[in-house]
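The values are calculated or read from the model by the stated rules, or taken from the named source; none is laboratory data. Model, not experiment: these values are computed from the prediction. All Cβ positions, glycine included, derive from the backbone under ideal geometry; neighbour counts span all protein chains shown. Note: areas computed on protein heavy atoms with side chains; ligands, DNA, RNA excluded. Shrake-Rupley method; radii C 1.70, N 1.55, O 1.52, S 1.80 Å.
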Amino acid sequence: ILTGTEIKKDHWNHFWEFYQDTGNKKWGTPYLTRQFFDEIHETMCSKILLILARKQGKYIAGALNFIGSDTLFGRYWGCIEDHKNLHFEVCYYRAIDFAINNKLKKVEAGAQGAHKISRGYQPSKTFSAHWIKDIDFFEAISNYLKDERVYIQENIEKLNEYIPFKKNMEK
């Protein structure tokens, strides 16, 4: 678990490898550049939590988080070896430990993933802002999102039935 000046260029080299591997598996083309990681290190290293996992002295996985005033924001994960529950340990459990130890109120683990419910995360809406230059394309996206918002709300309500916390009981 590394923050601030504890994070060295070598750590970013390993994380870049993890990011590339997972990005190629999941998205097809990773969109961040290696320079991006150098830039955030130079400009905001005190707001970065980098969690790395080693096996037999070799880094095999990592998660990049950003530290807010009261929230830890988990954003990127990657690995070069697959091990049962490695993703959960690196991305969720270590992040939660860090948040508790640093008196952060919340860990925001990113969008999507019903698997997060059994790990202590509740479904919540996320916000994304995009500027679409083409008005026809903008309108098509807007129309789609009207239906999508309804679907998302229904999905959140359904998933909340499975959260592993006691429900508030009315007296």
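State which stretch of the chain is the longest one without any exposed GluC sites (Glu not before Pro), exposure meaning a DSSP loop state and at most 16 other Cβ atoms within 10 Å. Of all site-free stretches, the longest is 82-169. Placing a pseudo-label 7 Å from each Cα along the Cα-to-Cβ vector at LYS25 and THR71 gives an inter-label distance of 2.8 nm.
Here segment 1-71 is treated with +1 on each Lys and Arg Cβ and -1 on each Asp and Glu Cβ, and its dipole about the Cα centre works out to around 340 debye.
Here is the list for segment 1-53: chymotrypsin sites (Phe, Trp or Tyr not before Pro) lying in DSSP coil, each with at most 13 other C-beta atoms within 10 angstrom of its C-beta, are TRP27, TYR31. On the chain, 52 percent of the accessible area sits on carbon and sulfur atoms, based on a 1.4 Å probe. For Kirkwood radius over Cα pairs in Å, computed directly from the structure shown, the correct entry in (i) 16.7; (ii) 19.7; (iii) 18.1 is (iii). Projecting the Cα atoms of VAL90, TRP12, ILE40 onto the charge dipole of the chain (Cβ charges, centred on the Cα centre) puts VAL90 farthest toward the positive pole. Let me check I've understood the local charge: for ILE48, count other residues with C-beta under 13 angstrom from its C-beta, Lys and Arg +1, Asp and Glu -1. What total comes out? In short, -1. Scattering from segment 121-168 was approximated by placing one identical point on each alpha carbon and applying the Debye formula without solvent; log10 I(q)/I(0) at 0.16 1/Å stands at -0.59. Extension gain, LYS84 to ASP147, is 19.0 nm, computed as 0.36 nm per intervening residue step minus the present C-alpha separation. Kirkwood hydrodynamic radius computed over segment 60-161 comes to 15.8 Å, based on all pairs of distinct alpha carbons.
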